[in-house]
1. What FRET efficiency would be calculated for the residue pair Glu268, Phe299, taking the C-beta separation as r and a Förster radius of 45 Å, to the nearest 0.05?
2. Taking the Cα centre of region 134-248 as the origin and placing charges on Cβ (Lys, Arg +1; Asp, Glu -1), which of Phe242, Ser142, Thr155 is farthest toward the positive end of the dipole?
3. Determine ³J(HN,Hα), in whole Hz, for all residues of region 308-317 in sequence, where each value follows from phi through the Karplus function 6.51 cos²θ - 1.76 cosθ + 1.60 and θ = phi - 60°; x replaces Gly and Pro.
4. Quick one: if the Förster radius is 22 Å, what FRET efficiency do Thr32 and Leu90 give, using the C-beta to C-beta distance and rounding to 0.05?
5. Between their Cα atoms, which of Lys119/Lys359; Lys271/Lys317; Lys140/Lys390; Lys11/Lys79 are more than 20 Å away from each other?
6. Run the numbers for Thr23 and Val221: contour at 0.36 nm per residue of separation, minus the present Cα-Cα distance, in nm.
7. Rounded to whole Å, give me the distance from the Cα center of region 159-212 to that of region 313-392.
8. Once the Cα atoms of helix 143-162 and of the chain are each reduced to a long axis, what angle between those two axes, in degrees from 0 to 90 to the nearest 10, is obtained?
Amino acid sequence: MPAYATNMRLKFPILAITLEIVTIILFGIFVTYESQGHHDTSHGGHNETSSGIKLYPMFQDVHVMIFIGFGFLMTFLKKYGFSSVGINLLLAAFGLQWGLLMQGFWHMSDNKIKVSIFKIINADFSTATVLISFGAVLGKTSPVQLLIMTILEITIFSINEHLVAEVLEASDVGASMIIHAFGAYFGLAVARTLYRPGLKNGHENEGSVYHSDLFAMIGTVFLWMFWPSFNSAIAEPGQMQFNAVINTYFSLAACVLSAYAVSSLVQEKGKLDMVHIQNATLAGGVAVGTCADMNIEPFGAMLIGFVAGIISTLGFKFLTPILASKLCIQDTCGVHNLHGMPGILGGIAGIIACALGAKANYSAGNQALALAASLGIALVGGALTGFIMKLPCWGQPPDQNCFNDSIYWEVPEEEEENEESLTHGDHSKNKAEA
C-alpha cells in the first residue's frame, strides 16, 4: 500500500491527537487568565483597555478573516474546495494554540503566560503566516506535512517577530513585513524545496470553474471588509488606532480601482480576470500595514494602495509563470503577488514614512533591518522546513492525486459516480449472463 494511502488512517490521527495532548499539557503548566485589572505593558505598552474585553469586536473581525476569508479565498481550485476550507480550519485551530505558546514564552509574568484578548489576537496573527504559506503549496501537500509546517513556521515566526518588535524596535502594526512578506517567502521557499517536476506542465485539476471562483470571491469580500480591523487591532488606542483604520480603508479602496484597471489592460479584449480580482484587490491592505498607524495622510495611504494593486496584478500576469518555469517555484495561489511583493512595498513605505518623521521615535534604519531580517529568516526557515516536510515518512501525495479532495476526503459526488459505474457494471454483467 503506498505511503499516501495510509497517511490519513494512521499518521494523521496519531499526529493530531499527540499534538493536542502536548499542547494541553503545556497550557496546563504555563497558561492562565490575565486579570482584567492588570496593566499589560508588553507589546508596546498596551494598558488594561487594550487587553480587556473592549478589543473583542476587533478580535472577532480578525477571526472571521482567518477562518472564512483565508479559507474561502483558496476555494478557486475546482476539485479542492473541501481541503481549502477544511484544512484551513485545521491549521488555524492548531496554529492559534501553538502561536499563543510560542509568542507567550517571550512575555511571561511569574512564569505564566497570562491570556488576554490582545494576546489571542496576536495568536490569530501567527496563524495567518501559516495560511499564507499554505497557499503556496495548496493541493500538493498532505495534512500531516501541513501540521509539521505549522509547528515549525509559527516557532520561527515568533523568533522573527521578537527580533523585529523587541530587539530592533521596528514599527509594523499591520504586519506587512512580519506576517505577509514572511509568510509569502517562507511558503515560496517550502514550495521550491518540494518542487515537483511532474507538475511542470500543469495538472488537469489545477484550475477553476465558474462556481469555485464565485466561492473564492466570498473569501475576498470578507477579507476586504474586515482588513481595517486586522491592521488596527494591536495599534495603540486613540489616534494611532484611528489612523490605522482610516489608512487601511482608503488604501483598499484605491487598490481596487488600480487592480481592475490593470487587469483589463493586460487581458485579451480588455476583459477582467477573476484571479486578479480575487487577489490583487486585497494588496492595498497588505501594503499599507507597516505604516497604517502612522501620520501618512489619507492620500498617502491611497497612493500605497494604488501602487499595490498595480504590482500585484502584473505579478499574477507575468511573474507567476516566470517563477514556475525559471525558478521552479510552483506558487498555487500566487502568494508572491498578494502577500510577498505588497509586503515588501509595505516595508519600504514604512522606511520612507519613518525617514520623513511620520511616526516619532522610530528609525528608518531599523525598519530596513526589520524588512531584511523578515525576508532572510523566512527564506532560510522555509527551506529547512521544506526539507523536513519532504521526508518520505510524511506520505506526500503523488503527482496524479494533487489538487483533488478525494485523496483525503469523502466526496459525495465521487461516491455517486462510483455507485453509478458499479450499477452499470452489474447490469452489463447480468445481460451478458442472460
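The values are calculated or read from the model by the stated rules, or taken from the named source; none is laboratory data. Remember, predicted model here, so these are calculated numbers, not experimental data. Here the Cβ is made from the backbone with ideal geometry for all residues, glycine too, and neighbour counts use every protein chain on show. Surface accessibility is based on the protein's heavy atoms, side chains included, excluding ligands, DNA and RNA. Shrake-Rupley method; radii C 1.70, N 1.55, O 1.52, S 1.80 Å.
1. On the way: r = 34 Å, r/R0 = 0.75.
E between Glu268 and Phe299, to the nearest 0.05, is 0.85.
2. Toward the positive end, the furthest listed residue is Ser142.
3. These are the phi-based 3J(HN,Hα) values: 4, x, 5, 5, 5, 5, 4, x, 5, 6 Hz.
4. On the way: r = 27 Å, r/R0 = 1.21.
Rounded to the nearest 0.05, the efficiency is 0.25.
5. On the way: Lys119/Lys359 24 Å; Lys271/Lys317 13 Å; Lys140/Lys390 11 Å; Lys11/Lys79 24 Å.
Check vs 20 Å cut-off fails for Lys119/Lys359; Lys11/Lys79.
6. Result for the pair: 67.9 nm of gain on full extension.
7. 8
8. Taking Cα atoms only, the helix is inclined about 10 degrees.
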